[in-house]
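Some notes on the structure that comes next.
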Amino acid sequence: MTSRITLISPAMNRSLRETRFDDGCSLDPRGAARAASVAGSLRSVDRVLVSPTVRCRETASALGLSAVVEPELAGLDVGRWRGLTLDEVMGREPDAVMGWLTDPDAVPHGGESVRGLCERAVRWLDGAGGFEGRTLAVVEPEFVRAVVVAVLGASGEAFWRLDVVPLSATEVSGRGGRWNVRVGRELGGVEGSV
């Protein structure tokens, strides 16, 4: 049985633009318009899931998708840093930020570690592997990173080496716990539908 999963990163919003830890803000008008403009480029799927975050739910809606909220697809919990920009946190807690960016087990913000997110991604993939057919999930960029780290069997340190641009598709397919990955195709691009 082969499972195919397409992970879509959310459209642009103020938090992404400002390098702000998710603060629950909506898509900006350009982000929503861009998502709506590529809605017709999506391949039909058997199920659609979405992270509980505002920008993921709004991206799914702008893409014309009727999605089921899946709490396990949430982005990284950054605890007390939520709503702050990276520059703000760096100005207040430079050692904590540097530790967080170099140690996948660090939780200076009191939330979830990068390793914890990667382990959650593995658990989700294990469950998703039991679904035969196509799944599309609109998820935060850090969840995409965690899935790629998991699929490649990379160390937690590799998490920060992956960039995930807004409205890009990362595809994983596999069976029996063995996954392959295709990373970062822009939606509505010249290569055809996702």
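Given the criteria among the charged types (D, E, K, R), open to solvent by 30 Å² or more (accessible area, probe 1.4 Å), farther than 15 Å from A146 by Cα and within 16 Å of the chain's Cα centre (by Cα), does E70 qualify?
For E70, the condition - among the charged types (D, E, K, R), open to solvent by 30 Å² or more (accessible area, probe 1.4 Å), farther than 15 Å from A146 by Cα and within 16 Å of the chain's Cα centre (by Cα) - is met.
Can you name the condition, by its number, that C118 falls short on among (1) in contact (Cβ under 8 Å) with a residue 60 or more places away in the chain; (2) within 13 Å of the chain's Cα centre (by Cα)?
(1)
From the list A39, A35, A11, which one is over 18 Å from the mean Cα position of the chain (by Cα), of a type in the set (A, V, I, L, M, F, W, C) and open to solvent by less than 50 Å² (accessible area, probe 1.4 Å)?
After ruling out the rest, the residue left standing is A39.
Give the range 143-157 a look and list any residue that's modelled with pLDDT under 95 and either outside any loop (DSSP other than H, G, I, E, B) or among the hydroxyl-bearing types (S, T, Y) (or both), or say none.
Correct list: A150, V151, L152, S155, G156, E157.
Okay, residues lined up against (1) assigned to a loop (DSSP other than H, G, I, E, B); (2) open to solvent by less than 70 Å² (accessible area, probe 1.4 Å):
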{"position": "G64", "(1), (2)": "yes, yes"}
{"position": "L76", "(1), (2)": "yes, yes"}
{"position": "D87", "(1), (2)": "no, no"}
{"position": "A96", "(1), (2)": "no, yes"}
{"position": "V107", "(1), (2)": "yes, yes"}
{"position": "L117", "(1), (2)": "no, yes"}
{"position": "G130", "(1), (2)": "yes, yes"}
{"position": "P166", "(1), (2)": "yes, yes"}
{"position": "V172", "(1), (2)": "no, yes"}
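The values are calculated or read from the model by the stated rules, or taken from the named source; none is laboratory data. A quick note: this is a predicted structure, and the numbers were derived from the prediction, not measured. A quick note on method: Cβ atoms are made from the backbone with ideal geometry, for glycine too, and the neighbour counts reach across all protein chains shown. In case anyone asks, the SASA skips ligands and DNA or RNA and just uses the protein heavy atoms, side chains included. Shrake-Rupley method; radii C 1.70, N 1.55, O 1.52, S 1.80 Å.
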